[in-house]
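The next block holds one structure in the form of structure tokens; read it before the comments.
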Amino acid sequence: MLTLKQINKAYGLGEARANVLNDINLNIKQGELIVILGPSGSGKTTLLNVIGGLEFDYKGKYFFKEEEINRMRESRLIEFRRKNIGFVYQGYNLLPSLTVEENIKLGYNLAWDKKDNYNIDELLELVGMKGYNKKYPFQLSGGEQQRVSIARAIAKKPNLLLADEPTGALDDKTSSKIMDLIKKLNDIGTTIVIVTHNNEIAKIADRLIKMNSGKIVDIVENK
Ligand SMILES: Nc1ncnc2c1ncn2[C@@H]1O[C@H](COP(=O)(O)OP(=O)(O)OP(=O)(O)O)[C@@H](O)[C@H]1O
């Protein structure tokens, strides 16, 4: 589905310039569940942002299906993201003044091709939040809010779901339920890349990408 070739990314100017990604080479296949592990500052989020089309100032080649993403200007990157990518973050990022249903509809409205969307009740059932349509985020636990944010991310059936520390703010029990949901989404065909510090999450991955100091230092296949 996607190929990264010799990706290099640096921040800062002059002597303060530091490499954040060093010669990253990676292939991700359709249907894979990939976990990126590594210490703080090792470049995990930056790599996820390259994959998600949020970065445009880097060296190297990035192919997603037939498209050469590294050559795209910002307007085309927006189109690429809308068409292909769903994002989930540690902080849920739900709008507090909107209901669960309205928050999820934002995911539909940002969709590129709206023909093949889930309907709202299907989605809520899929993420284990049936009947919560009219609730507001403040009425939900952290785990429930994360389910809603996952529903919003997958509403448009993205080709790729990216999650940055999706369980970072959750206790162990709630984290493991979110992991079950992510596993279920992968089982129905969603390609997923997760950045995390959580070793438990690593167990459900098809492949573990281990990073350190901006480099991929190991790739482990889980059989
Ligand atoms: N916009 C930016 N400007 C300057 N430096 C940045 C920027 N974004 C990230 N960095 C630096 O790049 C390095 C890698 O950051 P990144 O967020 O990718 O690491 P990470 O592995 O995701 O870390 P964490 O687990 O703490 O989130 C860090 O040293 C960080 O300070």
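Could you work out the helix-only [θ] at 222 nm for the chain, with each DSSP H run of four or more residues adding -39,500 (n - 2.57) and the total divided by the number of residues, to the nearest 500 deg cm²/dmol? Don't jump to the answer; show the numbers that get you there.
On the way: 7 runs with 69 residues, N = 223.
Here the helix-only value at 222 nm equals -9000 deg cm²/dmol.
Can you give the net charge of the other residues whose Cβ lies under 11 Å from the Cβ of residue 35, counting K and R as +1 and D and E as -1?
On the way: positive: 44, 203, 207, 210; negative: 32, 200, 206.
Value of the local net charge: +1.
Averaging the inverse of every distinct alpha carbon separation and then flipping it gives the Kirkwood radius. What is it for segment 116-223, in angstrom units?
Details: mean 1/r = 0.0669 Å⁻¹.
It works out to 14.9 Å.
Any chance you could run the full-extension gain for residue 171 through residue 15? It's 0.36 nm times the residue separation minus the Cα-Cα distance, nm to one decimal.
Once the chain is fully extended between residue 171 and residue 15, it gains 52.0 nm.
Gain in length, residue 73 to residue 1, computed as 0.36 nm per residue apart minus the alpha-carbon separation, to one decimal in nm? Write out the running numbers ahead of the final one.
Values: separation 72, 0.36 × 72 = 25.92 nm, distance 2.09 nm.
23.8 nm is the gain from fully extending residue 73 to residue 1.
What does the charge add up to near residue 69, with Lys and Arg as +1, Asp and Glu as -1, over the other residues with Cβ less than 15 Å from its Cβ?
Numbers: positive: 5, 9, 59, 61, 65, 71, 73, 76, 81, 82, 83; negative: 55, 57, 66, 67, 68, 74, 79.
For residues surrounding residue 69, the net value is +4.
Measuring from the lowest to the highest alpha carbon on each principal axis, how far does segment 175-223 reach, largest first, in angstroms?
That gives 32, 21, 18 Å along the principal axes, largest extent first.
Compute the FRET efficiency between residue 221 and residue 199 as 1/(1 + (r/R0)^6), taking r as their Cβ-Cβ distance and R0 = 25 Å, and round to the nearest 0.05.
Numbers: r = 17 Å, r/R0 = 0.67.
Using R0 = 25 Å, I get an efficiency of 0.90.
For the chain, rounded, prolate or oblate, judged on the Cα gyration tensor with a ≥ b ≥ c (square roots of eigenvalues), a/c < 1.5 rounded, else prolate if a/b > b/c?
Details: a/c = 1.74, a/b = 1.46, b/c = 1.20.
Judged from the Cα gyration tensor, the chain comes out prolate (a/c at least 1.5, a/b above b/c).
Where is the GNM fluctuation largest for the chain (alpha-carbon springs, 10 angstrom cutoff): 85, 182, 24?
Judging by the Gaussian network model, the answer is 24.
Compute, for segment 129-209, the length of the dipole vector about the Cα centre, with Cβ point charges of +1 (Lys, Arg) and -1 (Asp, Glu) only. Units Debye, rounded to 20.
Values: 13 positive and 9 negative charges, 98 e Å.
Magnitude of the dipole: close to 480 debye.
Of 59/215; 130/177; 65/203; 156/223, which ones are farther than 21 Å apart at the Cα?
Numbers: 59/215 14 Å; 130/177 16 Å; 65/203 28 Å; 156/223 30 Å.
Correct reply: 65/203; 156/223.
Express as a percent, rounded to the nearest 5, the fraction of DSSP beta bridges in segment 142-221 (both residues included) that run antiparallel. Provide the component values of the computation, followed by the final result.
Numbers: 6 of 11 bridges.
Expressed as a percentage, antiparallel bridges in segment 142-221 total about 55.
Tally Lys and Arg at +1 and Asp and Glu at -1 over the other residues with C-beta under 11 Å from the C-beta of residue 128: what net charge comes out?
Values: positive: 130, 147, 177, 184; negative: 125, 144, 180.
Neighbour charge sum, excluding residue 128 itself: +1.
Work out, step by step, the length gained on full extension between residue 105 and residue 56: first 0.36 nm times the residue separation, then minus their alpha carbon distance; give nm to one decimal.
Numbers: separation 49, 0.36 × 49 = 17.64 nm, distance 2.81 nm.
Gain in length upon complete extension: 14.8 nm.
For the chain, what is the percent of antiparallel DSSP beta bridges, rounded to the nearest 5?
On the way: 20 of 39 bridges.
Restricted to the chain, the bridges split so that about 50 percent are antiparallel.
FYI, it's all coordinate maths here, none of it is from the lab. From a predicted model like this one, the values you see are computed outputs, not experimental measurements. Counting neighbours? That spans all protein chains shown, and the Cβs are built from the backbone with ideal geometry, glycine included.
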